[in-house]
């Protein structure tokens, strides 16, 4: 009995293993700077590999917005051109003349949350492909069928996606993402936060090169 108690005390005195650091990415599929930021974030992910987990939070750039794309044409054209110059990401500007599509970012954000529920490991790839579908191919990301080719690429069931996409459950869950982003103090996108132990550090707010991001992450991790 005494030996058992001593073993328990020894076990309790051992330092507990640190949880894997988590890079929290707060963004929006219809955020142009998030689209431009994608190659930089890819390089960060490749650099750390399995040493760093990543979690996506839908920030809610313009959820439930009712303005037509054409109403925001001048404003968005300026931003898209800036993103193109900074990142080299290609844009198709034709959608900016549409008077049938609103700049409501809730549906594509909801779509990402649906994929998170279906297969969390595929959420990030889905998020990136949704960005390309909108900015390069000008798909209407409010329609479930606009995601069909992406779902096929990722080997995800279209019928299950459609059911979830239109469900009240997913509409509530994506709203929780928006609320969480606000609770973390995020006001702009893309934003990266690093969760390590009990700490949550801001890594970047806005577009930043992969080299600068890696430098900032390493600086936080050695604290």
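The values are calculated or read from the model by the stated rules, or taken from the named source; none is laboratory data. Here the structure is a predicted model, which is why all the values come from computation and not from measurement. As a convention, Cβ positions derive from the backbone with ideal geometry for all residues, glycine included, and neighbour counts pool all protein chains shown.
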Report task. Report whether or not residue 174 is touching a strand residue (DSSP E or B) at 6+ places or on another chain (Cβ under 7 Å) and more than 22 Å from residue 45 (Cα to Cα). Result -> yes
Report summary line: Residues in the stretch 29-53 that are surrounded by 16 or more Cβ atoms within 10 Å (Cβ to Cβ) and outside any helix (DSSP H, G or I) total 4
Report task. Working carefully through the options 128, 171, 223, 122, find the one that is assigned to a helix (DSSP H, G or I) and surrounded by fewer than 16 Cβ atoms within 10 Å (Cβ to Cβ). Result -> 171
Query raised in the report: Taking into account only those residues within the stretch 83-94 that are assigned to a helix (DSSP H, G or I) and in contact with a helix residue (DSSP H, G or I) (Cβ under 8 Å, 6 or more places away or on another chain), which is nearest to residue 136 (Cα to Cα)?
Result: 93
Report task. Looking for whichever is at pLDDT 95 or above and in contact with a strand residue (DSSP E or B) (Cβ under 7 Å, 6 or more places away or on another chain) here; the options are 144, 181, 133. Which one fits? Result -> 181
Query raised in the report: Mind checking which residues of the stretch 185-206 are touching a residue at least 60 places away in the same chain (Cβ under 8 Å) and buried (at least 16 other Cβ atoms within 10 Å of the Cβ)?
Result: 186, 189, 190, 191, 192, 193, 194, 195, 196, 203
